[in-house]
Amino acid sequence: MRFSVIVPAYCEAGRIGDTVTALRAALAGVDASGGAEILVVDDGSDDGTAGAARAAGADVVVEFGVNRGKGEAVRAGIRASSGEVVAFTDADLAYGPNQLVGLLDEVERGADMAVGDRRHPDSVAVTAPSGLRRAGSLVVGLMRGMLRLGRGRDTQCGLKAFSRQAAAAVLDASVMDRFSFDVEVLFLADRLGMEVRQVPVEVVNSDVSSVRVVSDGWELVLDMGRIRARALLGRYPNRLQS
């Protein structure tokens with residue numbers, strides 16, 4: 001299998017079918033030249049998200065009985081996937097699915113990871129984020145810098161792809177279950193010596209989201225402190241094994 005796309009989803013029954021359909025159309029060329037699969041991980045939803053994903057034709061649907069968080073959902077998707085390149089994206093498709101092909105190209109050209117960067121000079125925001133979200137992103141960025149977690153990349157952009165080897169390394173080393181998973185992934189990428197390529201994105205900021213800006217943001221800040229503590233205690237590996 002050439003490409004696996006993982007969609008972590010929580011209470012997305014109303015739009016997961018359209019998401020799967022849009023992904024299928026965007027990946028048609030990849031599917032015809034090596035194979036592409038769509039995996040939906042239902043993170044403990046109570047609204048029929050898993051059934052809606054199956055009805056729409058998702059290749060693999062993983063169901064959690066309880067909500068475990070984005071990090072655990074992505075890890076479960078990686079375990080269930082078979083692609084040489086593995087990506088994940090948000091269920092609301094804030095980043096148009098055609099952009100996944102660009103990430104695939106970067107990894108197939110030799111990158112360990114390819115990640116979207118909303119701050120790239122060529123990136124476009126079709127709709128602007130709310131003031132609260134902008135403030136939250138600023139606080140998270142400042143805290144990440146203070147804790148020296150990575151190289152200032154756009155950690156929370158919901159568009160990331162890995163080579164199979166890099167995906168396995170992240171799976172083995174990451175422990176964060178919720179939104180801090182994205183911070184941890186890029187921190188690990190730097191720590192493991194991976195080549196990470198940043199690509200411009202086009203993003204549509206939706207008003208409808210399962211993210212609770214204040215409470216989830218506070219949890220993210222606390223988890224970043226835990227990531228730094230784990231690093232200081234030597235609980236993360238230091239290099240990518242060949």
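The values are calculated or read from the model by the stated rules, or taken from the named source; none is laboratory data. Predicted, not measured: the structure shown is a model, and the values here were computed from it. Here Cβ is always computed from backbone atoms with ideal geometry, including for glycine, and neighbour counts include all displayed protein chains.
Please work out which residue is surrounded by the fewest Cβ atoms within 10 Å (Cβ to Cβ), limiting yourself to the stretch 232-242 and to residues that are at pLDDT 85 or above and either among the acidic types (D, E) or under 22 Å from the mean Cα position of the chain (by Cα) (or both). Can you show your working first?
Filtering the stretch 232-242 for residues at pLDDT 85 or above gives 232-237.
Cutting the leftovers down to either among the acidic types (D, E) or under 22 Å from the mean Cα position of the chain (by Cα) (or both) gives us 236-237.
Numbers: Y236: 17, P237: 13.
In this case the residue turns out to be P237.
Just to be sure before I move on: is A94 touching a Leu at 6+ places or on another chain (Cβ under 9 Å), at pLDDT below 95 and of a type outside the set (D, E) in the structure I sent? Full working, then the answer.
On the way: touching a Leu at 6+ places or on another chain (Cβ under 9 Å): yes; at pLDDT below 95: yes; of a type outside the set (D, E): yes.
Against the criterion (touching a Leu at 6+ places or on another chain (Cβ under 9 Å), at pLDDT below 95 and of a type outside the set (D, E)), A94 qualifies.
Residues checked against (1) crowded, with 24+ Cβ neighbours inside 10 Å; (2) in contact (Cβ under 8 Å) with a residue 12 or more places away in the chain; (3) farther than 13 Å from L159 by Cα:
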site	(1), (2), (3)
E63	no, yes, yes
N67	no, yes, yes
V74	yes, yes, no
R79	no, yes, yes
G83	yes, yes, yes
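Check the stretch 89-100 and report whether any residue there is outside any helix (DSSP H, G or I), more than 18 Å from D177 (Cβ to Cβ) and without any contact (Cβ under 8 Å) to a residue 24 or more places away in the chain.
Taking the stretch 89-100 first, the residues outside any helix (DSSP H, G or I) are 89-98.
Now drop any that are not more than 18 Å from D177 (Cβ to Cβ), which leaves 89, 92-98.
Narrowing further to those that are without any contact (Cβ under 8 Å) to a residue 24 or more places away in the chain: none.
No, that holds for no residue.
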Scan the stretch 106-124 for residues that are touching a residue at least 40 places away in the same chain (Cβ under 8 Å) and either of a type in the set (G, A, S) or assigned to a helix (DSSP H, G or I) (or both) and report the count. 7
For the stretch 182-205, give me each residue that is over 21 Å from L104 (Cβ atoms) and of a type outside the set (A, V, I, L, M). E184, F187, D190, R191, G193, N205
Among L100, L132, L104, which is loosely packed, with under 15 Cβ neighbours inside 10 Å and either over 21 Å from E195 (Cα atoms) or modelled with pLDDT of 95 or more (or both)? L132
Could you go through the stretch 72-89 and let me know if any residue there is under 23 Å from E202 (Cβ atoms) and either of a type in the set (G, A, S) or over 14 Å from the mean Cα position of the chain (by Cα) (or both). yes
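Looking for whichever is out of contact with any His (no Cβ under 9 Å at 6 or more places or on another chain), modelled with pLDDT under 90, among the small types (G, A, S) and in a loop (DSSP other than H, G, I, E, B) here; the options are S206, S215. Which one fits? Give the derivation first.
Values: S215 fails: in a loop (DSSP other than H, G, I, E, B).
Exactly one residue qualifies, and that residue is S206.
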Of A36, A56, which residue is buried (at least 17 other Cβ atoms within 10 Å of the Cβ), under 18 Å from the mean Cα position of the chain (by Cα) and among the aliphatic types (A, V, I, L, M)? A36
